[in-house]
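Here is the structure we will look at, set down as structure tokens.
Computed from the coordinates by the stated procedures, all read-outs in this text should not be read as laboratory data. Bear in mind that the values here come from a model prediction, so they are computed numbers and not experimental data. Cβ atoms come from the backbone with ideal geometry, glycine included; neighbour counts cover every protein chain shown.
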Amino acid sequence: MELLLAVLAVIAGMVLLEAGADKLTDAVQSLATRLRSSEAVVGLLTVGGEWEELVVVVVAALTGHIEIGIGNIIGSCIANLAGSLPLGMLWSRKLIPDRAAKIYSVVMLIATALATGVLWKGMNTGEGWLLVAAFVVYWSSLPLVIARGWLPSSAAEEESEEGNSLVMLAIILASLLVLALGAELVVRGSAEIARRLGVSEYAIGATIVAIGTTLPDKAISLVGGMKGSSGVVLANATGSNIFVLTLLLGLSAILGGAGGSSIGIDMWLLLGVSIAVTVMILRERLGRVEGALLLLFYAAYIAYALWRGA
């Protein structure tokens, strides 16, 4: 009976994820047009917030399961770039990054390089506070970019036919809540199966939990790619990783420490795929072939992480 309920929870969660992603993508496009700003910048401010991972990381740290939190941080970042982003690259409409997407892809790479260095040796509380401060600077810069119009939309002269900006913002917030609920159902259903696998907490965090908490990102990338919303898809991937590798990693260090031997080569794999994705964005090489290669890499990583943690 419990297994049946878990399966039903996963199915219901999937339905909510698809519905939430569809509404959110439309709302971000419309809001970007009305604000005469880059779709990527608006996307960074909305879909780039990883609230599911935030809850998982804080709870894991406070309950003495820091390995699940760290595994979720690294696994989610790899999932965003190699498991979610390519879902938006498999359609006939090729993703075309704007200037904002290119700039923030470099910011993501810098954040990943810093996280790699501090995680490899083990983080202390001071470094955790520095990462949180870096997040505050990054997050506060986005409204300023929008207000100053430094990165305008290519469709800035068009007028949106859908409601006003407040309505669009309300739709975005409601869609994020639906996505969070859908992810919660999927994670709870998946966790029931994960407990039977007999793998390490880090491996569970890097695979099962990370896959579950990034399901909203996968849904957003899939629907965004179908609609040709390049800014939404790219902001979803790069913005999520900036959020996770600054705020969430910083909180982990403050609450329970981070880093150590359990990470293995995972952080270096993340750095490698971050470099590859940044190059793809800068060179505007975001087609089906590149998407398929990223998905193959992600499948190999999941298999490796489960094998190592068994």
Taking H placed 1.01 Å from N in the peptide plane, check which residues at least 5 places from MET123 or on another chain put their amide H under 5 Å from its amide H.
ALA258, GLY259
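Between LEU8 and LYS94, what FRET efficiency comes out of the Förster formula 1/(1 + (r/R0)^6) with R0 = 41 Å and r the beta carbon distance, rounded to 0.05?
On the way: r = 38 Å, r/R0 = 0.92.
For LYS94 and LEU8, the calculated efficiency is 0.65.
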Please compute the modelled spin-label separation between ALA170 and VAL15, points set 7 Å along Cα→Cβ, answer in nm with one decimal.
2.6 nm
Calculated over the range 201-310: convex hull of Cα atoms, volume per residue (Å³)
108 Å³
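Over the range 58-131, what portion of Cα pair distances is larger than 20 Å, expressed as a whole percent? Intermediate values should be presented prior to the final figure.
Working: 1270 of 2701 pairs.
Roughly 47 percent, rounded to a whole number.
If packing is taken as the mean number of other Cβ atoms within 10 Å per residue, what is the order of 94-103, 67-76, 115-124, highest first?
Values: 94-103: 20.4, 67-76: 28.7, 115-124: 17.8.
For the peptides 94-103, 67-76, 115-124, the packing ranking is 67-76, 94-103, 115-124.
Which order do peptides 213-219, 108-114, 235-241, 85-91 fall in by mean Cβ count within 10 Å, highest first? Could the numbers behind the result be given before it?
Working: 213-219: 27.4, 108-114: 20.0, 235-241: 31.0, 85-91: 23.9.
The densest-packed peptide leads the list: 235-241, 213-219, 85-91, 108-114.
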